[in-house]
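The next block holds one structure in the form of structure tokens; read it before the comments.
The values are calculated or read from the model by the stated rules, or taken from the named source; none is laboratory data. Remember, predicted model here, so these are calculated numbers, not experimental data. Backbone-built Cβ (ideal geometry, glycine too); neighbour counts: all protein chains shown.
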Amino acid sequence: MGRLPRLAYLVTVVALAVAAVAGGARSDSSSSQSTWTTFHFDNARTGYNPFETILGPGNVQFLTPKWIGMNMGGLVISSSPAVTKTTVFVTDSWFGRLWAFSKSCGSGGSFCDPAWSGLMAADYGSESSPTVANGFVYAGSNDGGLYVFNARGCGSSECDPVWVGQMSAGTLDSSPLIRHGVVYIGTHDNRLYAFDAAGCGNDTCAPLWVGVGPTGQGFTSPAFANGVVYVSSISSGGKLYAFDANGCGSSTCSPLWKGAPADSSNFVESGPAVANGVVFVGVDHGLAAFAAAGCGRPNCRPRWTGSQGFDEFAFDTPAVANGFVYIGVDATLQVYKTTGCGSKTCSPVWSGTASGSQAEILSSPTVANGVVYVGENSMKVLAFDAAGCGDSFCGPLWQGFTDDSIVSSSPSIVDGVLYIGSGNRFYPDDQAGRVYAFSLDGS
């Protein structure tokens, strides 16, 4: 698969606190007070940063651009920023490179050049969110490689990978998950790859084992909790799969169990998030909640599903925080109680909608200090009060703007700064990629 066509896309612990939210999962790459080192904050993919204290419902309205990273490749599509104490990492959809920006590169809306870029497969895009662990950065490419770089760069503007994991297909928008020295990532052809996170001593490495899912059109970002790796296949035939994180003693492993709604047309469409013994995924009709322990059978149905009663698609990974689950469904942010409603089908507690032009929400929501953030494909980044507004429909506390309609990256919130990928529609496709950093008064 080559460059992702823009029009085609438009159509188509410290760690203990995180572990408690995730139902006891502890990860090697869990983020801390001043970092956001993996997609959706932690290995359970909850999208919840419990350490943020600067931004909140009372001041989020004062967010303005701090700096804008440019001079990289094409649009930042689905790739979400990984943030360390010094650096912001993201991949692009044109050259498919890893890009590294200094967190302190500017203020007041200034423009910044990347500190360095990591060379992946030329002419193959990447929608994979980078993961940082133990001094290395991991990212997937659409060429079928897991690329691993020194997180400090190489002393040059362009860096070669330390090693590359070889897979049978590209990574769609699957992001690496690192746990106990193993890195997991999904591919286009419904495979879950497990590599030794330290590599194999060679330039290219084979996997430790491969998990196989028979249906769907690509695996999403995996999530981990209590010894199990959960991953979804999407679109037609899309299901939730649960694999033993330690493999099966063979080079190829079958899932422990798989899950799908009873309605055979209600396919799974998003990556999983795990919290308090429940796995949440987006489906064609909204949301589905499965028991994380399975059901004692090979095929499981959800405990409950969430829907407004329409054929509304949810392609983004849900966020889970403080008893609520947040998910983008079509052009609205829908919010449900994590415990459901006592019925098989639940309506949202409240829904968030933006003023002005509206478009599909493909960005995975994130939550920090009482605020839920999400991108919308109308050049917007939205912030809602995570507790709602006391009504069925709520407007945002704040709207930030990018210079491109595609805002499908997931926001990362660290120390009072919101980072998100997008683009600039006034530039050629191979120069359009942008990373936007918003802070209070742009300082």
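In this structure, is Ala122 among the hydrophobic types (A, V, I, L, M, F, W, C), farther than 18 Å from Arg434 by Cα and crowded, with 24+ Cβ neighbours inside 10 Å? Break it down into steps so the answer makes sense when it comes.
Numbers: among the hydrophobic types (A, V, I, L, M, F, W, C): yes; farther than 18 Å from Arg434 by Cα: yes; crowded, with 24+ Cβ neighbours inside 10 Å: no.
Criteria not met by Ala122.
Residues that are touching a Pro at 6+ places or on another chain (Cβ under 9 Å) and modelled with pLDDT under 95 within the stretch 345-401 comprise Thr353, Ala354, Ser355, listed in sequence order. Taken together, the residues in the stretch 77-100 that are part of a strand (DSSP E or B) and either farther than 17 Å from Ile413 by Cβ or over 19 Å from the mean Cα position of the chain (by Cα) (or both) amount to 4.
With the checklist (1) part of a loop (DSSP other than H, G, I, E, B); (2) over 18 Å from Val435 (Cα atoms); (3) not aromatic (Phe, Trp, Tyr) in hand, flag the one item Gly106 doesn't pass. Among (1) part of a loop (DSSP other than H, G, I, E, B); (2) over 18 Å from Val435 (Cα atoms); (3) not aromatic (Phe, Trp, Tyr), Gly106 violates only (2). Counting only strands (runs of 3 or more DSSP E) that sit wholly inside the stretch 307-409, those with at least 1 residues that are among the hydrophobic types (A, V, I, L, M, F, W, C) and crowded, with 22+ Cβ neighbours inside 10 Å are 319-321, 324-329, 332-337, 366-368, 371-376, 380-385. One residue stands out in the stretch 210-253 among those that are more than 16 Å from Phe315 (Cα to Cα), touching a Ser or Thr at 6+ places or on another chain (Cβ under 8 Å) and aromatic (Phe, Trp, Tyr): the one that is surrounded by the most Cβ atoms within 10 Å (Cβ to Cβ), namely Tyr241.
Taking the condition surrounded by fewer than 24 Cβ atoms within 10 Å (Cβ to Cβ), under 17 Å from the mean Cα position of the chain (by Cα) and either over 28 Å from Ser168 (Cα atoms) or not aromatic (Phe, Trp, Tyr) (or both), does Thr46 pass? Let's see the steps before the verdict.
Details: surrounded by fewer than 24 Cβ atoms within 10 Å (Cβ to Cβ): no; under 17 Å from the mean Cα position of the chain (by Cα): yes; either over 28 Å from Ser168 (Cα atoms) or not aromatic (Phe, Trp, Tyr) (or both): yes.
Criteria not met by Thr46.
Which residues, counting only those in the stretch 268-302, are crowded, with 24+ Cβ neighbours inside 10 Å, in contact with a Lys or Arg (Cβ under 9 Å, 6 or more places away or on another chain) and in a loop (DSSP other than H, G, I, E, B)? Result: Gly271, Pro272, Pro302.
Restricting the search to strands (runs of 3 or more DSSP E) fully inside the stretch 110-154 and requiring at least 2 residues that are within 17 Å of the chain's Cα centre (by Cα) gives 131-133, 136-140. Pairs linking a residue in the stretch 191-206 that is assigned to a loop (DSSP other than H, G, I, E, B) to a residue that is modelled with pLDDT under 95, with Cβ atoms under 8 Å and 6 or more positions apart or on different chains, are Ala197/Asp28.
Here Ser265 meets the list (1) at pLDDT below 95; (2) of a type in the set (Ser, Thr, Tyr); (3) surrounded by 22 or more Cβ atoms within 10 Å (Cβ to Cβ) almost entirely, failing just condition (3).
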